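Engineer: Dumping the structure here so I can ask a few things about it.
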Amino acid sequence: MRSLALFLLFPLALAASFAAFTVEPAGDQVVDLTTGVTTLPSGGKLVDAERGLVLVAEYIEYKEGAFVRAKKARLDQNDVRFEAGALDYQVVAERVRLSGGVAFSAPFLKGLRADAGTLFLKDGVAVLTGHVKSENPAFTASRLVADTRTGEVLLFGDFAYRDPGLGIELTGKGKDARLYLKFAEGREPEASTEVPPEVLERLSAYPEE
């Protein structure tokens, strides 16, 4: 963890990788000696003890140093959790794709859901797409891009955000609508429709995958 800001949004998947893990199968392990792929048809658990990461899924297949794929997956680190219908982690690219419905929870952000997501591990950036909705703080958006290293978040497209301090709602319509959120320890998030140019350029560069 680079700083406490990593705990504010999407910290677990973006702070580490499955470079080395132990395997706890729930049933059989099937190893294909030709391809080097190991399958856990009954699922199980992958644990990265060094980084405190735990992946639990009902189905897992992996090739060490290449990929991890899982279905009905849950990814935990301390009080942070991602859940997805499917997970595809490409080790070399340091990229995790989540699909089939995504749920996220952490001490500072609760009840966040979306249709799909991509985690750019090397950059510390997460992209969520499709019916993005958070319970606390309360907001909806077409798309969300978060920089976990700075605690900065951009909501793209149609959005609605309820400011917990002022008790007002900020809304935007259309593909060019933007809302900038800045998270900091011990404070309510700051929200503004005025996006710092550097942040807009940097976070807009991440594709909608």
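Every read-out reported here was derived from the displayed coordinates using simple, explicitly stated rules and does not represent laboratory data. Just so it is clear, the structure is predicted and the values come from calculations on it, not from any experiment. Don't worry about glycine lacking a Cβ; one is built from the backbone with ideal geometry, like all the others, and counts go over all protein chains shown.
Engineer: Between ASN136 and GLU201, how high is the FRET efficiency from 1/(1 + (r/R0)^6) when r is the Cβ-Cβ distance and R₀ = 25 Å? Nearest 0.05.
Structural biologist: Values: r = 29 Å, r/R0 = 1.18.
E between ASN136 and GLU201, to the nearest 0.05, is 0.25.
Engineer: Have a look at PRO196, PRO137, PRO25 and tell me which one the Gaussian network model of the chain (Cα, springs below 10 Å) gives the largest fluctuation.
Structural biologist: PRO196
Engineer: Here's a follow-up. What does the charge dipole of the chain about its Cα centre add up to, to the nearest 20 debye, if the Cβ of each Lys and Arg holds +1 and the Cβ of each Asp and Glu holds -1?
Structural biologist: On the way: 24 positive and 30 negative charges, 35 e Å.
Dipole magnitude for the chain comes out near 160 debye.
Engineer: Which one, ARG149, ARG187, ARG178, has the greatest fluctuation when you compute a Gaussian network model over the chain with C-alpha springs under 10 angstrom?
Structural biologist: Its mean-square fluctuation being the largest, the pick is ARG187.
Engineer: For a quick check, take a GNM of the chain with Cα springs below 10 Å and name the residue from ALA146, ALA191, ALA93 with the largest mean-square fluctuation.
Structural biologist: Top of the fluctuation ranking is ALA93.
Engineer: Moving on to the next point. Pick out, from LEU87, THR39, ALA160, the residue whose Cα sits farthest towards the positive end of the charge dipole of region 4-204, with +1 on the Cβ of Lys and Arg and -1 on the Cβ of Asp and Glu.
Structural biologist: ALA160
Engineer: Further question: Bin by bin, in steps of 10 Å, what percent of the Cα pairs in region 71-209 do you find, going until the bin that has the longest distance?
Structural biologist: 12, 45, 35, 8, 0
Engineer: Setting aside same-chain residues fewer than 8 positions from LYS45, which lysines have a Cα under 27 Å from its Cα?
Structural biologist: LYS63, LYS71, LYS72, LYS110, LYS122
Engineer: For the chain, what does the helix formula give at 222 nm: sum of -39500 (n - 2.57) over DSSP H segments with n ≥ 4, over the residue count, nearest 500 deg cm²/dmol?
Structural biologist: Working: 2 runs with 12 residues, N = 209.
Calculated from helices alone, the mean residue ellipticity at 222 nm is -1500 deg cm²/dmol.
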